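Undergrad: Provided herewith is a single structure, encoded as C-alpha coordinates, for subsequent inquiry.
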Amino acid sequence: MLYLSRRTLIAAASAALLFISQPVAADPSEVGEKVGQIWLDALAETAKMVEGTPPIEDIRADFMAMKEAKISELVDLGHQIAEMDAGDKAQVEAKVSSAYTKASIDPEVSAQYKAYFEAQKAYQKSDSEFFNELKAINILTQYAFFDLLKKQAPKEAERLGL
(Lines give C-alpha, C1' and ligand atoms only; values in the text may rest on other atoms or scores of the structure.)
Protein backbone atom coordinates (compact mmCIF):
# COMPACT_ATOMS: atom_id res chain seq x y z
CA MET A 1 0.00 0.00 0.00
CA LEU A 2 1.26 3.45 -0.87
CA TYR A 3 1.16 6.11 1.81
CA LEU A 4 1.53 9.73 0.90
CA SER A 5 2.48 12.38 3.35
CA ARG A 6 0.09 15.20 4.08
CA ARG A 7 2.52 17.62 2.44
CA THR A 8 2.58 15.54 -0.76
CA LEU A 9 -1.21 15.35 -0.84
CA ILE A 10 -1.55 19.12 -0.36
CA ALA A 11 1.02 19.80 -3.08
CA ALA A 12 -0.76 17.44 -5.48
CA ALA A 13 -4.16 18.98 -4.71
CA SER A 14 -2.76 22.50 -5.17
CA ALA A 15 -1.24 21.57 -8.52
CA ALA A 16 -4.51 20.01 -9.64
CA LEU A 17 -6.48 23.10 -8.63
CA LEU A 18 -4.02 25.36 -10.42
CA PHE A 19 -4.37 23.29 -13.57
CA ILE A 20 -8.16 23.20 -13.37
CA SER A 21 -8.49 26.92 -12.70
CA GLN A 22 -6.42 27.97 -15.72
CA PRO A 23 -8.68 29.51 -18.35
CA VAL A 24 -8.83 27.65 -21.61
CA ALA A 25 -7.95 29.89 -24.52
CA ALA A 26 -10.92 30.57 -26.74
CA ASP A 27 -10.88 28.90 -30.14
CA PRO A 28 -10.71 31.79 -32.66
CA SER A 29 -12.66 29.92 -35.31
CA GLU A 30 -15.45 29.11 -32.86
CA VAL A 31 -15.55 32.67 -31.51
CA GLY A 32 -15.67 34.07 -35.05
CA GLU A 33 -18.52 31.69 -35.93
CA LYS A 34 -20.44 32.89 -32.87
CA VAL A 35 -19.90 36.57 -33.69
CA GLY A 36 -21.04 35.99 -37.27
CA GLN A 37 -24.06 34.00 -36.16
CA ILE A 38 -25.12 36.72 -33.72
CA TRP A 39 -25.08 39.18 -36.63
CA LEU A 40 -27.03 36.79 -38.87
CA ASP A 41 -29.58 36.23 -36.08
CA ALA A 42 -29.94 39.97 -35.52
CA LEU A 43 -30.44 40.48 -39.25
CA ALA A 44 -33.12 37.75 -39.39
CA GLU A 45 -34.92 39.08 -36.31
CA THR A 46 -34.78 42.64 -37.62
CA ALA A 47 -36.08 41.60 -41.05
CA LYS A 48 -39.00 39.83 -39.38
CA MET A 49 -39.79 42.84 -37.17
CA VAL A 50 -39.79 45.34 -40.04
CA GLU A 51 -41.71 43.10 -42.43
CA GLY A 52 -44.53 45.16 -43.88
CA THR A 53 -43.00 48.32 -42.38
CA PRO A 54 -45.11 48.45 -39.22
CA PRO A 55 -45.39 51.71 -37.30
CA ILE A 56 -42.21 52.42 -35.38
CA GLU A 57 -44.04 52.66 -32.06
CA ASP A 58 -45.21 49.05 -32.56
CA ILE A 59 -41.68 47.65 -32.92
CA ARG A 60 -39.27 50.11 -31.29
CA ALA A 61 -39.22 48.52 -27.81
CA ASP A 62 -38.81 44.96 -29.13
CA PHE A 63 -36.19 46.04 -31.63
CA MET A 64 -34.16 47.95 -29.05
CA ALA A 65 -34.34 45.05 -26.56
CA MET A 66 -33.19 42.59 -29.23
CA LYS A 67 -30.38 44.89 -30.32
CA GLU A 68 -29.17 45.40 -26.74
CA ALA A 69 -29.23 41.63 -26.13
CA LYS A 70 -27.10 41.06 -29.23
CA ILE A 71 -24.71 43.81 -28.14
CA SER A 72 -24.33 42.11 -24.77
CA GLU A 73 -23.52 38.78 -26.43
CA LEU A 74 -20.98 40.44 -28.71
CA VAL A 75 -19.29 42.31 -25.86
CA ASP A 76 -18.96 39.02 -23.95
CA LEU A 77 -17.20 37.51 -26.96
CA GLY A 78 -15.20 40.70 -27.38
CA HIS A 79 -13.53 40.11 -24.04
CA GLN A 80 -12.28 36.78 -25.39
CA ILE A 81 -11.14 38.40 -28.63
CA ALA A 82 -9.29 41.12 -26.72
CA GLU A 83 -7.13 38.41 -25.12
CA MET A 84 -6.14 36.91 -28.49
CA ASP A 85 -2.96 37.54 -30.41
CA ALA A 86 -3.02 39.10 -33.87
CA GLY A 87 -3.11 35.75 -35.68
CA ASP A 88 -6.10 34.51 -33.70
CA LYS A 89 -7.91 37.83 -34.16
CA ALA A 90 -7.38 37.50 -37.91
CA GLN A 91 -9.05 34.06 -37.78
CA VAL A 92 -12.02 35.56 -35.92
CA GLU A 93 -12.30 38.35 -38.49
CA ALA A 94 -12.21 35.84 -41.36
CA LYS A 95 -15.12 33.91 -39.84
CA VAL A 96 -17.10 37.11 -39.31
CA SER A 97 -16.40 38.09 -42.91
CA SER A 98 -17.86 34.74 -43.97
CA ALA A 99 -21.13 35.69 -42.29
CA TYR A 100 -21.26 38.92 -44.28
CA THR A 101 -20.54 36.96 -47.45
CA LYS A 102 -23.38 34.59 -46.60
CA ALA A 103 -25.75 37.57 -46.69
CA SER A 104 -24.97 38.02 -50.36
CA ILE A 105 -24.85 34.39 -51.54
CA ASP A 106 -27.36 32.47 -49.40
CA PRO A 107 -30.84 33.07 -50.88
CA GLU A 108 -32.65 33.07 -47.52
CA VAL A 109 -30.18 35.41 -45.84
CA SER A 110 -30.01 37.58 -48.93
CA ALA A 111 -33.81 37.97 -48.84
CA GLN A 112 -33.62 38.94 -45.16
CA TYR A 113 -30.93 41.49 -45.92
CA LYS A 114 -32.95 42.95 -48.76
CA ALA A 115 -36.07 43.23 -46.55
CA TYR A 116 -33.98 44.88 -43.83
CA PHE A 117 -32.42 47.32 -46.30
CA GLU A 118 -35.76 48.26 -47.89
CA ALA A 119 -37.38 48.86 -44.50
CA GLN A 120 -34.39 50.93 -43.49
CA LYS A 121 -35.06 53.28 -46.41
CA ALA A 122 -38.76 53.53 -45.51
CA TYR A 123 -38.04 54.39 -41.88
CA GLN A 124 -35.41 56.95 -42.86
CA LYS A 125 -38.16 59.24 -44.09
CA SER A 126 -40.30 58.98 -40.95
CA ASP A 127 -37.87 58.80 -38.01
CA SER A 128 -34.16 59.50 -38.40
CA GLU A 129 -33.33 58.33 -34.86
CA PHE A 130 -34.95 54.93 -35.39
CA PHE A 131 -33.40 54.77 -38.85
CA ASN A 132 -29.94 55.17 -37.28
CA GLU A 133 -30.67 52.43 -34.73
CA LEU A 134 -31.88 50.16 -37.50
CA LYS A 135 -28.94 50.99 -39.75
CA ALA A 136 -26.53 50.02 -36.96
CA ILE A 137 -27.54 46.35 -37.30
CA ASN A 138 -25.37 46.27 -40.41
CA ILE A 139 -22.26 46.99 -38.35
CA LEU A 140 -23.29 45.26 -35.12
CA THR A 141 -20.22 43.02 -35.10
CA GLN A 142 -18.06 46.03 -34.18
CA TYR A 143 -19.16 45.43 -30.57
CA ALA A 144 -16.97 42.32 -30.49
CA PHE A 145 -13.88 44.26 -31.57
CA PHE A 146 -13.17 46.81 -28.86
CA ASP A 147 -10.45 48.75 -30.70
CA LEU A 148 -12.78 49.22 -33.65
CA LEU A 149 -15.72 50.17 -31.42
CA LYS A 150 -13.62 52.73 -29.56
CA LYS A 151 -12.60 54.26 -32.88
CA GLN A 152 -15.97 54.18 -34.62
CA ALA A 153 -18.36 54.66 -31.69
CA PRO A 154 -16.44 56.03 -28.70
CA LYS A 155 -19.60 56.98 -26.80
CA GLU A 156 -20.87 53.41 -27.10
CA ALA A 157 -17.52 52.02 -25.93
CA GLU A 158 -17.67 54.39 -22.97
CA ARG A 159 -21.30 53.44 -22.20
CA LEU A 160 -20.24 49.80 -22.08
CA GLY A 161 -17.19 50.51 -19.93
CA LEU A 162 -14.70 49.37 -22.55
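The values are calculated or read from the model by the stated rules, or taken from the named source; none is laboratory data. This is a predicted model, so every value here is computed, not measured. Here the Cβ positions follow ideal geometry from the backbone for every residue, glycine too, while neighbour counts run over all protein chains shown. Side chains are part of the model used for accessible areas, which takes the heavy atoms of the whole protein and leaves out ligands, DNA and RNA. Shrake-Rupley method; radii C 1.70, N 1.55, O 1.52, S 1.80 Å.
Undergrad: Would you mind stating whether Glu73 is at pLDDT 90 or above, more than 23 Å from Ser110 (Cα to Cα), in contact with a helix residue (DSSP H, G or I) (Cβ under 6 Å, 6 or more places away or on another chain) and open to solvent by 60 Å² or more (accessible area, probe 1.4 Å)?
TA: yes
Undergrad: Tell me whether the stretch 3-24 contains one or more residues that are at pLDDT below 90 and closer than 18 Å to Gln142 by Cβ.
TA: Of the residues in the stretch 3-24, the ones at pLDDT below 90 are 3-24.
From the residues that got through so far, the ones that are closer than 18 Å to Gln142 by Cβ too are none.
No: the stretch 3-24 contains no residue that is at pLDDT below 90 and closer than 18 Å to Gln142 by Cβ.
Undergrad: If we scan the stretch 112-127, do we find a residue that is under 18 Å from Val35 (Cβ atoms), surrounded by 18 or more Cβ atoms within 10 Å (Cβ to Cβ), touching a Leu at 6+ places or on another chain (Cβ under 8 Å) and modelled with pLDDT of 90 or more?
TA: So far as the stretch 112-127 goes, no, none of its residues is under 18 Å from Val35 (Cβ atoms), surrounded by 18 or more Cβ atoms within 10 Å (Cβ to Cβ), touching a Leu at 6+ places or on another chain (Cβ under 8 Å) and modelled with pLDDT of 90 or more.
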